[in-house]
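Peer 1: Quick one: the structure is below, questions incoming.
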Amino acid sequence: MKLTDKRFWKFEAFTFLYAIGLILLVGFLFDKPIPFERTVYFSSLFLLSGLVAWLVANGKHWFVFGIVYEIIFMILWALMLAVAHYIEYDSLNHAIEDGIIDACVFVYLLVGPAIVMFIPSLVLAFFGYHLINKKSRDNEIDKNVIS
């Protein structure tokens, strides 16, 4: 993958629009505006997830691409929650003492976004795959017709 690949940048632009749309949807569902800092943070998580998914699953079926994208986002989200938890308690010993409650909250904070994001992630993968690969399929058809 080269950074000069236009398909990658189109996908990242599509991912950014998807991120903003999903953040607005969450704000609408919970009737609270999402602060700008969180919007930037989540948008960067979405873009990083898109980059890694592009590197890992580019050229595969759109469903596989969507699942890889979702898994990568959940891993990044889990790492962010773990780091935030560690910073809040300032030591690992105190974090282990409240382990059961924290594990339940951790799973809740992972499962909630995973459920909300699953269908939109597959929609992103489907439309992204077909929009980006349409031109390359058209070029292949044109080459086959000419020869």
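Peer 1: Answer with yes or no whether HIS61 is exposed (fewer than 14 other Cβ atoms within 10 Å of the Cβ), at pLDDT 75 or above and not charged (D, E, K, R).
Peer 2: Yes.
Peer 1: Going through ALA103, ALA78, ALA114, ALA95 one at a time, which residue ends up being under 30 Å from VAL56 (Cα atoms), hydrophobic (A, V, I, L, M, F, W, C) and at pLDDT below 75?
Peer 2: On the way: ALA78 fails: at pLDDT below 75; ALA114 fails: at pLDDT below 75; ALA95 fails: under 30 Å from VAL56 (Cα atoms).
Residue meeting the stated conditions: ALA103.
Peer 1: Going by what's in this entry, would ILE20 be described as surrounded by 12 or more Cβ atoms within 10 Å (Cβ to Cβ), under 20 Å from MET80 (Cβ atoms) and at pLDDT 85 or above?
Peer 2: Criteria met by ILE20.
Peer 1: Further, regarding this structure: Could you say which residue among TRP9, TRP54 is within 12 Å of the chain's Cα centre (by Cα), aromatic (Phe, Trp, Tyr) and either assigned to a helix (DSSP H, G or I) or surrounded by fewer than 16 Cβ atoms within 10 Å (Cβ to Cβ) (or both)?
Peer 2: Unique residue meeting the criteria: TRP54.
Peer 1: Which condition from (1) exposed (fewer than 11 other Cβ atoms within 10 Å of the Cβ); (2) at pLDDT 85 or above; (3) among the hydrophobic types (A, V, I, L, M, F, W, C) is the one that ILE71 breaks?
Peer 2: Against the list (1) exposed (fewer than 11 other Cβ atoms within 10 Å of the Cβ); (2) at pLDDT 85 or above; (3) among the hydrophobic types (A, V, I, L, M, F, W, C), ILE71 comes up short only on (1).
Peer 1: Which of (1) crowded, with 17+ Cβ neighbours inside 10 Å; (2) out of contact with any Leu (no Cβ under 6 Å at 6 or more places or on another chain) is the odd one out, the single condition LYS32 does not satisfy?
Peer 2: (1)
The values are calculated or read from the model by the stated rules, or taken from the named source; none is laboratory data. Remember, predicted model here, so these are calculated numbers, not experimental data. When we count neighbours, we look across all protein chains shown, and the Cβ atoms used for this are built from the backbone with ideal geometry, even at glycine.
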